[in-house]
1. Inspect all residues belonging to the range 64-76 and state whether any of them is under 16 Å from the mean Cα position of the chain (by Cα) and free of Cβ contacts under 8 Å to residues at least 12 places away in the same chain.
2. Of all residues being among the charged types (D, E, K, R) and assigned to a strand (DSSP E or B) in the range 77-118, which is nearest to TRP47 (Cα to Cα)? Just the residue, please.
3. Among LYS98, LYS138, which is the only one that is touching a strand residue (DSSP E or B) at 6+ places or on another chain (Cβ under 9 Å) and at pLDDT 95 or above?
4. Just checking, which of ASN60, ASN53, ASN65 is at pLDDT 95 or above, closer than 15 Å to THR35 by Cα and polar (S, T, N, Q)?
5. Take the conditions in contact (Cβ under 8 Å) with a residue 40 or more places away in the chain, out of contact with any Asp or Glu (no Cβ under 8 Å at 6 or more places or on another chain) and either loosely packed, with under 15 Cβ neighbours inside 10 Å or over 19 Å from THR37 (Cα atoms) (or both) and apply them to GLY79. Does it pass?
6. Look through THR46, THR15 and report the one residue that is at pLDDT below 95 and among the hydroxyl-bearing types (Ser, Thr, Tyr).
7. Of the residues that make up the range 120-130, is at least one touching a Phe, Trp or Tyr at 6+ places or on another chain (Cβ under 7 Å) and of a type outside the set (A, V, I, L, M)?
8. State the number of residues belonging to the range 119-138 that are surrounded by 12 or more Cβ atoms within 10 Å (Cβ to Cβ) and part of a helix (DSSP H, G or I).
Amino acid sequence: MLRFPALLLACVTMTMTVGAADKPADKAPAKPIGTWTREISGHTLTWTFNEDNSFKLKVNLSDGNDAEVEGNYGVTKDGTLFAIMTKAKTSIEGGPEKGDLFSFSFKVSGKELTLGDAAGTKINDQARGLVEGTYAKK
């Protein structure tokens with residue numbers, strides 16, 4: 001008699017598992033693939049996000065200092081992009097370095113990319129003011 005309830009329980013469990021697998025999984029938003037530029041107060045930031053999860057960032061400040069950064073990124077289901085810098089060349093005092101981490105929220109709408117909620121190893125209010133905002137697709 002004990003075999004039937006155990007068999008019934010196994011069948012119900014398998015049905016529930018298969019049913020759950022049929023539901024569409026929450027998907028991360030589309031990656032911000034492409035080259036995006038923002039100019040603010042004489043400064044220019046250009047992000048290039050590639051399909052292979054690599055990125056490049058070029059920063060040209062109005063005072064002539066600049067930075068070029070490369071790294072790898074990922075995207076979460078809630079629209080957060082997180083990354084690590086794997087190469088950094090900069091003349092900006094206290095600028096980005098290899099190993100720095102950062103993240104920000106992002107939203108792509110047509111030919112615009114909006115970044116917000118910047119956080120990371122060297123993200124302070126000044127960096128946040130430069131990075132956060134709307135970028136145009138090149």
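The values are calculated or read from the model by the stated rules, or taken from the named source; none is laboratory data. Nothing here was measured: the structure is a model prediction, and the numbers come from that model. A quick note on method: Cβ atoms are made from the backbone with ideal geometry, for glycine too, and the neighbour counts reach across all protein chains shown.
1. Start the filter on the range 64-76 by keeping residues that are under 16 Å from the mean Cα position of the chain (by Cα), which leaves 69-76.
In the following step, the residues that additionally are free of Cβ contacts under 8 Å to residues at least 12 places away in the same chain were identified as none.
No: the range 64-76 contains no residue that is under 16 Å from the mean Cα position of the chain (by Cα) and free of Cβ contacts under 8 Å to residues at least 12 places away in the same chain.
2. So the first thing to find is which residues in the range 77-118 are among the charged types (D, E, K, R), and the list is 77-78, 87, 89, 93, 97-98, 100, 107, 111-112, 117.
Those left that are additionally assigned to a strand (DSSP E or B): 87, 89, 107, 112, 117.
Working: LYS87: 14, LYS89: 15, LYS107: 14, GLU112: 12, ASP117: 17 Å.
Among residues in the range 77-118 that are among the charged types (D, E, K, R) and assigned to a strand (DSSP E or B), the one nearest to TRP47 (Cα to Cα) is GLU112.
3. On the way: LYS138 fails: at pLDDT 95 or above.
Exactly one residue qualifies, and that residue is LYS98.
4. Details: ASN60 fails: closer than 15 Å to THR35 by Cα; ASN65 fails: closer than 15 Å to THR35 by Cα.
Unique residue meeting the criteria: ASN53.
5. Working: in contact (Cβ under 8 Å) with a residue 40 or more places away in the chain: yes; out of contact with any Asp or Glu (no Cβ under 8 Å at 6 or more places or on another chain): yes; either loosely packed, with under 15 Cβ neighbours inside 10 Å or over 19 Å from THR37 (Cα atoms) (or both): yes.
Yes.
6. On the way: THR46 fails: at pLDDT below 95.
Exactly one residue qualifies, and that residue is THR15.
7. Scanning the range 120-130, I find at least one residue that is touching a Phe, Trp or Tyr at 6+ places or on another chain (Cβ under 7 Å) and of a type outside the set (A, V, I, L, M), so the answer is yes.
8. Of all residues in the range 119-138, those surrounded by 12 or more Cβ atoms within 10 Å (Cβ to Cβ) come to 119-123, 127-137.
Filter again for part of a helix (DSSP H, G or I), leaving 127-131.
Matching residues across the range 119-138 total 5.
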